[in-house]
Amino acid sequence: MTKAITVSGLHKSFGRTHALAGLDLTVETGEVHGFLGPNGSGKSTTIRVLLGLLRADSGAAQVFGRDPWTDAVEIHRRIAYVPGDVTLWRNLSGGEVIDLYGRLRGGLDPHRRAELIERFELDPTKKGRTYSKGNRQKVALVAAFASDVDLLILDEPTSGLDPLMEEVFQRCVAEERERGRTVLLSSHILSEVEELCDRVSIIRKGVTVESGSLAELRHLTRTSVSAELAGPPNGLAALPGVHDLDVQGRRVRLQVDTDKLDAVLRSLSESGVRSLTSTPPTLEELFLRHYQDEVTVR
Amino acid sequence: MSAASFAVRPTSARRLAGTGILLRFALRRDRVMIPLWVGVNALMVLSMPNTLKGLYGTPAERADLIGQMAGNSSLRAMVGPVFGDSLGALTAWRVGVYAGALAAVVGLLVVVRHTRDEEESGRQEMVASGMVGRRASLTAALLAAAVANGALALLVTAGLAGQGAAGALAFGLGIAGVGMVFATTAAIVAQLTESARLARGLTAAVLGAAFVLRAAGDSATDGGTSQAFGTGGGSSLLTWASPLGWLTNLRAFAGERWWVLGLLAGAALVQGAVAYALADRRDLGMSFLPSRPGPAAGRLGGARALAWRLQRGSVLGWSIGFLLAGLVYGGMADGAADLLGDNEGAREIFERMGGEAGLTDAFLAAMAGMLGLVAALYVVTSVLRLHGEETSGRAEPVLAGSVGRLRWAAGHLVVAFGGSALLMLLAGAGLALGHGERTGAILGACLVQVPAVWVIGGVAVLLYGLAPGAAMGAWGVAGAVLLIGWVGPALDVPRAVLDLSPFGHLPKLPGGEMTWAPVLVLTALAVALVAAGLAGLRRRDLST
């Protein structure tokens, strides 16, 4: 299986701003890949490089094993892209726009188009200027999902969708995966990412800080442990990977790097455990840890 | 893969992929705009032979007209020199410059609309994610402009063929050529600026400069009219510096100089090549003229300050244009009288009209009137900013603040109405400086135009307030007034039609008698129109 997207050491500057500073990204064919990072971290710049809209200063990027700048047209035959802020032409109907985008890609499946319009509850006869934000987003989503392509690049595609439509969107992405299509999904909606993504890459300030499956990423973060012990705890503070230790008599609360959990549990059980709760890191904690500057994490 | 592989250039076929789809799409979007503009332009040209036949039916009448033209530098400045006495030649003379300018406007609007507008709105990003080559959008835009100009050339050629097939072909191609020259100018400017509005403004400024250069050149010499009829002379360098001057010098229906078409084609090709070269060297959405970062903290105090902040760039641009045009035309005023030395017949006519002083006055009055008509375009753009702010949704959050609709509208209207008075003041200052004397009389001549400009602005406010869907109709009103003002008098259009334009009622200054009645009536009319429009705005729903 070839990789759908490979990016290594990508650099891109706009004047004095270094939007990308050596970014790496690998998306396997057939997976749904989450692309995460705080605002301004370089997600959209990366996507624009992958679409051949921007020329990278240095580094390598390949889509389907080809150069997105020189082979843009051939690559685009197999790509559908949905931006986070869809703008439409004021005097063209949504249906016209869907068909235009279909023609600009590899073609459109008319049955799938009709089915998607139904599912997204979109009125394709309305003119561009009369659509609300969410409905403009739906126009682009229907065009993307109905297109006969191998890779979907979705840049915060669900902004403005209501929760019901969000669910329809998630089902559509799941269907795409079943058909063997690849999805690169940039999103801030963590439940969406958790539900859909096989693997995620987290970037910050133009550099990839973490990449892997959610389970792998969880492993890299801290678990909160709170326990009530039979005797006084001892030696906990000296264990590697223990943070925010709070001992109140026989009650202990602490955070521990997940891969150091074993040693902590052994130490606790030496004192005798009466009750124990251990909470794996939530996705929010996971992201906050990566999104924030090192200084504030420490 | 290494960094070097980014430098590989795609083949030309791939860079144009998708052009066909985008062209059809562009024409579909412009299905109303292009036929309308082309139709109006063709109508203006094709109606001319009949009109001229009625006015100058006999050879004697035509000879008389040509004599007048040879001597009247202000008329030459307005419409260019005459090169022949056939109906075809007179048609080319009478409407050539305006048909060319109109074709140029269409060319620049079409090209900017399908290039920088699309990038600025963000739509281009999604379009370019399809099977669209890097040069496809620019090519489709230029082809759409070519379709519009080609249709115009066809209509003009077919419609005027009765006056002489060769002349009709030359004239049709000449007008279309000017259209394409400015379409490619717009293609270059669209690579330079980040905003479509600025791209349109800068290209329009180039067109304005071309108009002024040709006018200055043609007023300074008689463009070889007398050569064609026996006595020496030729177009000045200033005329040859302007593509509109090339159209004049094509001499359609009067011994066509076909090589001038090569000049137009060459300019379009060179400019097109520059535009492509620039486009190849930039990223999508980027521009060569970088937008400077703004202040981190704002000091805008309210709706009025916001309106001024939004419009000040455009006011500055228009102000510079009016001042420069005033300076150029003011400098030409004296020359207008001197040129009469060569032509006995014309000298007699103008001596009867009031001698040299009378001629200079007539020229200054004509220029003040022409600048007044152009100021009407400013006032319409400025008033319609309200419409743009409302339909784009930008007005909504402003009006959701503690800002009444009237106060919000007033902010923009002060800029529109105050700005048009400022423009005429600057035009007067320019004319007076250029002419070097009679400052008071010239300033008065320019300021007397202001009430008529305000009436046009008032119509725009009325349409916007009462029938926002028809707000763009204000352009139609301004266009009609422009047509009446520029082309009307020379054609002996019925008085009733001339009277439709507020400019037709103004006293002819300097030289004429100052009459206060029309000035006061027009001012009152403008106030009433604005009041009615604002009353409508207060009552109606805002579009969201």
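Since every read-out is calculated from the coordinates, none of them should be taken as a lab result. Worth saying up front: this structure is predicted, and the values here are computed from it rather than measured. In this analysis, Cβ positions are derived from the backbone assuming ideal geometry, glycine residues included, and neighbour counts consider all displayed protein chains.
A few remarks follow.
- By the Kirkwood approach, averaging reciprocal distances over each pair of separate Cα atoms, the range A:15-59 gets a hydrodynamic radius of 11.8 Å.
- Here the extension length gained between B:VAL40 and B:ALA209 equals 58.5 nm, from 0.36 nm per residue of separation less the Cα-Cα distance.
- As a calculated quantity, the FRET efficiency between A:ALA263 and A:GLU284 at R0 = 45 Å, using C-beta atoms, amounts to about 0.95.
- The Stokes-Einstein estimate for the range B:15-288, based on a Kirkwood radius over Cα pairs and taken at 37 °C with 0.692 mPa s viscosity, is a diffusion coefficient of 172 µm²/s.
- Modelled label positions at A:ARG119 and B:ARG281, each set 7 Å beyond Cα in the direction of Cβ, lie 4.8 nm from each other.
- Prolate/oblate/rounded label for the range A:111-158 (Cα gyration tensor, a/c 1.5): oblate
- The separation of the range B:239-300 from the range A:6-53, counted between C-alpha centres, amounts to 36 Å.
- Evaluated at q = 0.13, 0.16, 0.17, 0.18 Å⁻¹, the base-10 log of the normalised Debye intensity for the range A:3-213, with identical point scatterers placed on the Cα atoms, takes the values -0.70, -1.06, -1.18, -1.31.
- Cα pair distances of the range B:420-544 binned at 10 Å [whole percent]: 13, 34, 34, 15, 4, 0
- Within 10 Å of the Cβ of each residue in A:88-101, the mean number of Cβ atoms contributed by other protein chains is 3.
- Membrane-span-like helices of chain B, defined as complete DSSP H segments with a Cα extent of 20 Å or more along the helix axis and a mean Kyte hydropathy of at least -1.0, are identified as B:87-114, B:136-160, B:165-192, B:196-220, B:259-280, B:303-338, B:355-391, B:419-435, B:450-466, B:473-487, B:516-539.
- For A:LYS3, the lysines whose Cα comes closer than 30 Å to its Cα, not counting residues fewer than 8 places off in the same chain, are A:LYS12, A:LYS43, A:LYS138, A:LYS205.
- Kirkwood Rh in Å, taken over all unlike Cα pairs in the range A:222-280: 11.0
- Taking all Cα pairs closer than 8 Å and separated by 6 or more residues, the relative contact order of chain B comes to 14 percent.
- The trypsin sites (Lys or Arg not before Pro) of the range A:133-192 that meet both conditions, a loop assignment by DSSP and at most 15 other Cβ atoms within 10 Å of the site Cβ, are A:ARG179.
- Value of Rg/Rh across the protein assembly as shown [Cα atoms, Kirkwood radius]: 1.10
- The modelled label-to-label distance between B:ALA296 and A:SER13, using points 7 Å beyond Cα along the C-beta direction, is 2.2 nm.
- Exposed-site-free run, longest, chain B (rule: GluC sites (Glu not before Pro); DSSP loop; at most 13 other C-beta within 10 Å): B:1-436
- Straightening the chain between B:ALA166 and B:LEU55 buys 37.5 nm, computed as 0.36 nm per residue apart minus the Cα-Cα spacing.
- Extension gain, B:VAL414 to B:MET33, is 134.1 nm, computed as 0.36 nm per intervening residue step minus the present C-alpha separation.
- Considering only the Cα atoms of the range B:302-544, their convex hull presents on average a projected area of 13.7 nm².
- Whole-Å distance, taken between Cα centres, linking the range B:137-208 and the range A:214-228: 67
- Helix content alone sets the calculated 222 nm mean residue ellipticity of chain A: runs of n ≥ 4 DSSP H residues at -39500 (n - 2.57) each, divided across all residues, give -9500 deg cm²/dmol.
- Relative contact order (%) - criterion: Cα under 8 Å, at least six apart; region: chain A: 19
- Placing R0 at 22 angstrom, the Cβ-Cβ distance between A:ARG66 and A:VAL209 gives a FRET efficiency of 0.20 after rounding to 0.05.
- FRET efficiency, B:ALA535 to A:THR29 (Cβ-Cβ, R0 51 Å, nearest 0.05): 0.20
- From helices alone, chain B scores -23500 deg cm²/dmol at 222 nm; the rule is -39500 (n - 2.57) for each run of n ≥ 4 DSSP H residues, then divide by the residue total.
- Of all DSSP bridge pairs formed entirely within the protein assembly as shown, close to 70 percent run antiparallel.
- According to the Cα-based calculation, Rg over Rh for chain B is 0.98, with Rh computed by the Kirkwood formula.
- Of the DSSP H helices in chain A, those whose Cα atoms cover at least 27 Å axially and whose Kyte score averages 1.0 or more: none
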